[in-house]
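Read-outs: derived from the displayed coordinates by stated rules, not from any lab. A quick note: this is a predicted structure, and the numbers were derived from the prediction, not measured. No Cβ is skipped: glycine too gets one built from the backbone with ideal geometry, and neighbour counts run over all protein chains shown.
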Amino acid sequence: MSMDFRKLLQSDTGFVPKTQSQALQAFSEGVLGSSFFIHKAVNVHPIVEEPWDLDEMDRILAKPDLDYDTAASLVSVFNRMIRQPDKELALFAAESLDALERRYVSLIRALGSERQKNPTADTFRALAKTCIEVGHLFGGDSALGSFYLSEALRMYAGEPLLAADPLDSAARAILMMETGKPDEAATIINAALEMYSDHRGLRMAAAELAFRRRDISGVISHLEYLSLESVDQDASLSDEEIVAFWTGGACRD
């Protein structure tokens, strides 16, 4: 016996949920049948894949707690979409990028105000971190991305008291690499490593600088300081994978 899936997924009430949570709520209240709910629950279309779901992108863009990774995915899609011959798609992408920019500018202003009221290391780092994220989000090669990365670097230069913190030194050095100042980055890293030779963040920054300079033996040398058996609490899985690749794989052969 054949089955008409279109009839199974028909909404007698005219309500068509856009999200899984809406489908669950509608099913719980008897507005939709179980077939429609199951279909919505298991058929998830990634926002980065075509055909693009503009309604879903609008919904995600409007979330008050939009995280960086999701924003980065949206930006990558908008940058592809803006080059499409379809003018409506290109306009949607341009307006969405503008909305994201205004959102982050407002956040930076709010963090800047909080920083002035409460000038602590934590408020400084929150502001600098957001500037760096915006710089990466819009691309360090673009005028907007370059501006925010340079702004974050200027902020670090104005905070000499934080220079003694190895994490801040690593962050500042990476910023210098990204803004085309490798020699200044090396000076900061070398000075910090004299005090914190085993610090993971500094060693990772030193390895990154060596890699950018095409110094493969330098990458391996720096990462050999880091023991996978004694991982820092702040270390991520990707850090462990990088260390394992450079110190125990084909790179050593």
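Any idea how far apart Ser238 and Glu50 come out in nm if each label point goes 7 Å out from Cα toward Cβ?
2.7 nm
Would you please classify the overall shape of the stretch 166-231 from the alpha carbon gyration tensor, given that a ≥ b ≥ c denote the square roots of the eigenvalues, rounded means a/c under 1.5, and beyond that prolate means a/b larger than b/c while oblate covers the rest? Don't jump to the answer; show the numbers that get you there.
Details: a/c = 2.00, a/b = 1.30, b/c = 1.54.
Verdict is oblate for the stretch 166-231.
Could you tell me the calculated FRET efficiency between Ala90 and Thr70, based on Cβ-Cβ distance and R0 = 25 angstrom, to the nearest 0.05? Walk me through the numbers on the way to the answer.
Working: r = 22 Å, r/R0 = 0.87.
Computed FRET efficiency for Ala90 and Thr70 comes out at 0.70.
Starting at 0 and stepping by 5 Å, how many percent of the alpha carbon pairs of the stretch 57-105 end up in each bin?
Per 5 Å bin, starting at zero, the Cα-Cα P(r) for the stretch 57-105 comes out as 5, 22, 34, 23, 11, 4, 0 percent.
To the nearest 0.05, how large is the calculated FRET efficiency for Ile82 and Glu194 if R₀ is 51 Å and r is the Cβ-Cβ distance? Don't skip to the answer; put the middle values down first.
Values: r = 47 Å, r/R0 = 0.93.
The calculated FRET efficiency here is 0.60.
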